[in-house]
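Here the structure comes first, spelled out in structure tokens, and everything after it is commentary.
Every number in this text was worked out from the coordinates using simple rules, so none of it is lab data. Predicted model, so just to flag it, every value in this text is computed and none were measured. All Cβ positions, even for glycine, are placed from backbone atoms using ideal geometry, and neighbour counts span all protein chains on display.
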Amino acid sequence: MHEVSIARNIIEIVNSYLPATNNVSVKSVKVKVGAFTSILPDALRFGYEVLTCGTNLQDSILDILEVSLKVKCNICGSISGGEPSFLYCHSCGSHDVEIIEGTELNVSEIEIFN
Amino acid sequence: MSLITVERKVLETNNAIAEENRQKLHDKKIFSVNMVSSPGAGKTSIIEKTVLNLKEKVKIGFIVGDLQTSLDAERIDKLGIPSVQIVTNGACHLDASLVKNAYKELSELDIEFLIIENVGNLVCTAEYDLGEDLKIVVSSVTEGDDKPLKYPIIFRKSFGLIVNKTDLLPYLNSSIEVLRKNALSVNPKLQVFETSCTTGAGIDEWCNWIMEKTKQVK
């Protein structure tokens, strides 16, 4: 259940963008979560909700964009999709692939009410 | 309404501390491994065997994380190796900052090989860089041969795989060949070792490899 610590990191990043002087209201926080991370989106939403309860971020929504897995074959150069447990090139069948998308765990945007 | 574009890594703070740890260990020419596994795969037993095999040849330090108790540190401490126990109080993984603080207790000592034993968990430990040189995943044959497919991220991020408890294979339906095939399908570069802490099989090969790696850092 490390999603709670991940949610805490997200909140710290969001707060670092908000002015300490006035009450800015945050509408949503957009995060990208790759398929090749050990993060469960529902658990992350739960962690965010619990940790923001009673804080300046209480009414904000955690908007999770799930990024699919994409691999590039080191043998034939083809790009394929796939599942985390089955990493292989869909063109030549090789398992010698680099992950080019799906490892993201980023805070990408903060939407605030002016 | 206004939009602030951020694009920052959620784990950037952990990653920065991990880099600090890595730099500090490299400056002191210490080779380090982060041992991960599910609970009960035999990490501490492998570390005991490793320490007994190598302690006259290389100066070893040990950091271990557990949810509760200092039982593991006591086991290694008995072997005459400086050991630091991190009690995470329920947290399911070590992070770079916990390791940074634990290493302070060892920083004055002359160490060449640092073993970090993570909390028994194949999920959460995958996300946190501690600053180690290499991650080693331990999978025992009693856990079945499909662990690499169920927990692909930690197997992908590891440099080495120790298949442990091989002496129990005659009593099990799981196949070491299937386990190896599954692990290599997720990570074709994995260096695979097969060990039994009961019979001692494979321990020499693993320890020789550690010695080679430690020498390379020197």
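Quick notes on this one:
- Kirkwood estimate for segment B:12-217, i.e. one over the average of 1/r between Cα atoms, Å: 17.0 Å
- Eligible lysines near B:Lys55 by straight Cα distance, threshold 16 Å, same-chain separation 8 or greater: B:Lys78, B:Lys213, B:Lys215
- Set B:Lys9/B:Lys135; B:Lys28/B:Lys57; B:Lys59/B:Lys100; B:Lys28/B:Lys49; A:Lys72/B:Lys157; B:Lys43/B:Lys218 screened for pairs whose C-alpha atoms are more than 23 Å apart: B:Lys28/B:Lys49; B:Lys43/B:Lys218
- Percentage relative contact order, chain A, counting C-alpha pairs under 8 Å, at least six apart: 35 percent
- Peptide B:8-19 - average C-beta neighbours from other chains (10 Å radius): 4
- Comparing B:Val141, B:Val36, B:Val58 in a Gaussian network model of chain B, where Cα atoms under 10 Å apart are tied by springs, the biggest mean-square fluctuation is seen for B:Val58.
- Mean ellipticity per residue at 222 nm, deg cm²/dmol - from DSSP H runs of n ≥ 4 across chain B, formula -39500 (n - 2.57): -11000 deg cm²/dmol
- Under a 5 Å amide H cut-off, with hydrogens placed 1.01 Å from N, B:Ser37 pairs with B:Asn121, B:Val138 among residues at least 5 apart or on other chains.
- Translational D in µm²/s for the protein assembly as shown (Stokes-Einstein at 4 °C, 1.567 mPa s, Kirkwood Rh from C-alpha pairs): 61 µm²/s
- Taking B:Ile176, A:Ile11 and counting other C-beta atoms within 10 Å, the order from fewest to most: B:Ile176, A:Ile11
- Packing-based exposure ordering (other Cβ within 10 Å, fewest first) of B:Asp66, B:Asp167: B:Asp167, B:Asp66
- Packing-based exposure ordering (other Cβ within 10 Å, fewest first) of B:Met35, B:Met1, B:Met211: B:Met1, B:Met211, B:Met35
- Chain B: most fluctuating residue of B:Ser45, B:Ser174, B:Ser140 per GNM, C-alpha cutoff 10 Å: B:Ser174
- Among B:Glu177, B:Glu20, B:Glu74, residue whose mean-square fluctuation peaks in a GNM of chain B (springs only between Cα atoms under 10 Å): B:Glu177
- Cα-only radius of gyration and Dmax that characterise segment B:52-152, units Å: 14.3, 43
- The string of couplings for segment B:9-25 from the Karplus curve (6.51, -1.76, 1.60, θ = phi - 60°) is 5, 4, 9, 4, 5, 4, 5, 5, 5, 4, 5, 4, 4, 4, 5, 4, 5 Hz, one whole number per residue in order, with x for Gly and Pro.
- Mean separation of Cα contacts under 8 Å, 6 or more apart, over the residue count of chain B: relative contact order %: 25 percent
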